[in-house]
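Enquirer: Please see the structure below; I have some questions.
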Amino acid sequence: MPVLLLMSLNKSLNNDIMIDRDNFTIGRSCGCQFLLDNAFVSKIHFRIRFSMPDGSQLPDGQAFFIDDLSRNGTFLNNEKIGNESAKPIKPGDIIHILRACEDTQDKYFSFKAKFPPLKWGLLLRSLNPEYNDIEVNDEPFDLGSATHCDVCITLLILEPV
C-alpha cells in the first residue's frame, strides 16, 4: 500500500502526518484519524484516499486523491478544491486548510506532500549452527533450497525523503 507524508508548514503545528491507510480523514471530529483543534476546521475537513469511492484502484500514475469535505475550504497549491470535489496529489503539492490569514499563521494549516520510500529488510535466521544468519536488503534474492533457514521480517522503516 502506498504511503503519503504530509509535512507541516505551520509554526504552531509541528506534527507531520503519516498516511498509511485508505480514507484517512483530517478534521476536528474525534472520529478523524488526525485531529486539528480549531474552530475554522470542519468536523471532517478533508480525506486522503488511495482508491476510487467504489473501492477500485486509482488509474495508473495516480497514487493519492484529496477530497474536500469542508465548508470553509481546502486548497491544493492555492487553488480551492471545492466542497465534495477531489484532486490528485503529487509530490511537492501544498495543502492549505483555509486561506492564509494576514494577522496570524495560527488560523490556518499547511502541509507539503512527500512520498517517502519504503525501506525494508529481512533477517534469515539459520536453524543450523553451521550456517550464519543473512541480512537481505535488496531484491531479488535467491534462497536456493532454503532447507536450513527460517525466514522472518524483522524491520520495516519509513524514512522521509
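Enquirer: Does region 35-65 hold any residues that are closer than 16 Å to N83 by Cα, at pLDDT 85 or above and part of a loop (DSSP other than H, G, I, E, B), and which are they?
Expert: V41, S42, K43, I44, H45, listed by residue number.
Enquirer: Show the residue pairs meeting these rules: Cβ distance below 6 Å; 6+ apart or different chains; first residue within region 68-95 and under 13 Å from R47 (Cβ atoms); second residue open to solvent by 10 Å² or more (accessible area, probe 1.4 Å) and aromatic (F, W, Y).
Expert: A86/F65
Enquirer: I would also like to ask the following. If I filter region 22-31 for residues that are modelled with pLDDT of 90 or more, of a type in the set (A, V, I, L, M), open to solvent by less than 80 Å² (accessible area, probe 1.4 Å) and not in a loop (DSSP other than H, G, I, E, B), do I get at least one hit?
Expert: Yes, there is a match, as at least one residue in region 22-31 is modelled with pLDDT of 90 or more, of a type in the set (A, V, I, L, M), open to solvent by less than 80 Å² (accessible area, probe 1.4 Å) and not in a loop (DSSP other than H, G, I, E, B).
Listed here are the residues, each with its yes/no results for (1) modelled with pLDDT under 70; (2) surrounded by 16 or more Cβ atoms within 10 Å (Cβ to Cβ).
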| residue | (1), (2) |
| --- | --- |
| D67 | no, yes |
| S70 | no, yes |
| P88 | no, no |
| C101 | yes, no |
| A113 | no, yes |
| E139 | yes, no |
| L155 | yes, no |
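The values are calculated or read from the model by the stated rules, or taken from the named source; none is laboratory data. Keep in mind the model is a prediction, meaning the values are calculated, not measured. Please note: Cβ atoms are built from the backbone with ideal geometry, for glycine as well, and neighbour counts cover all protein chains shown. The area values use the complete protein model at the heavy-atom level, side chains included, leaving out ligands, DNA and RNA. Shrake-Rupley method; radii C 1.70, N 1.55, O 1.52, S 1.80 Å.
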